[in-house]
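Laboratory data are not the source of any read-out in this text; all were calculated from the coordinates shown. Note that the structure is predicted; figures quoted are calculated from it, not measured. Positions of Cβ are backbone-derived with ideal geometry, glycine not excepted, and every protein chain shown enters the neighbour counts.
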Amino acid sequence: MNIFRLLGDMCHLVAIIILFLKIWRSKSCAGISGKSQVLFALVFTTRYLDLFTSFISVYNTVMKVVFLVLAYATVYLIYLRFRSTYNSESDSFRVEFLLVPVAGLSFLENYAFAPLEILWTFSIYLESVAILPQLFMITKTGEAESITTHYLFFLGLYRALYLANWVWRYHTEGFFDQIAVVSGVVQTIFYCDFFYLYFTKVLRGSGKMTLP
Amino acid sequence: DGPASGKDEL
């Protein structure tokens, strides 16, 4: 464990909690892409199957359970509890255009042709594109509530910190996970446009983000 | 042990 990965995990946790609390307290999921949240729940499900097969640390196990519970709880809020506030017409990204290539690639490019390994690889590839329905929804509606932009900021920051973690681990322990690193770079690149808008618009106190 | 079980990151 190093400070970059710990900070990254904390940013990830903060992002997920920000979103959950926003929906829970406002009793509304307006402007939130349910599709992205389903994809994140799928990412955690396919990545954390080793919860039952290998114990790494208390921290690792606790965080995996917390991420899984919050991810499914958020999906529940969107599609069941507050479904009347869900903007399904704005959440129109064709997720099959993500799932099919990601599933295909995870069979072609992986470390081992074993079920757990392919599912882990699928989760890594899927996570790099899972936010696209949400970003697409924001470009479609042309705006995002400031709390949603804070959620996206921490979500984008978490994988950027993981990139620093991989640089650190490469130099200190020679660790290099090519699939995770390449996907992490792609994932973070998708946030660059958002980061620019976030720093120039939201942090200038303009409240909600309105796209040009 | 393949890389799968060595997954120590979240």
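Here are some notes:
- Residue order for A:17, A:124, fewest other beta carbons within 10 angstrom first, comes to A:17, A:124.
- Fraction of the pair-distance distribution of the range A:170-212 above 18 Å, Cα-Cα pairs, percent: 50
- The eigenvalues of the Cα gyration tensor, multiplied by 5 and square-rooted, give the range A:1-79 an equivalent ellipsoid with semi-axes of 24, 15, 10 Å from largest to smallest.
- Look at the stretch A:112-124: the mean tally of other chain Cβ atoms within 10 Å of its residues' Cβ atoms is 2.
- Potential extension, residue A:175-residue A:147 segment - 0.36 nm per residue separation minus Cα distance: 6.5 nm
- Hydrodynamic estimate: the Kirkwood radius of the range A:68-170 over Cα pairs, inserted into Stokes-Einstein at 25 °C and 0.890 mPa s, corresponds to D of 153 µm²/s.
- As a proxy for reagent exposure, ranking A:166, A:24, A:120 by other Cβ atoms within 10 Å from fewest up yields A:24, A:166, A:120.
- Unsatisfied cross-links (Cα-Cα over 25 Å) in the set A:140/A:201; A:22/A:140; A:35/A:64; A:64/A:140; A:140/A:208; A:22/A:208: A:64/A:140
- The H on the amide N of residue A:56, modeled in the peptide plane, is under 5 Å from the matching H of A:61, each at least 5 residues off or on a different chain.
- In plain terms, the C-alpha convex hull of the protein assembly as shown casts an average shadow of 12.3 nm² when viewed from every direction.
- By the count of neighbouring beta-carbon atoms within 10 Å, fewest first, A:146, A:84 end up ordered A:84, A:146.
- Centroid-to-centroid separation of the range A:138-189 and the range A:23-97 [C-alpha atoms, Å]: 18
- Rule-of-thumb Rg ratio for the range A:136-212 [Cα; 2.2 N^0.38 Å; N residues]: 1.31
- Residue separation of residue A:85 and residue A:97 scaled by 0.36 nm, minus their Cα-Cα distance, works out to 1.8 nm of gained length.
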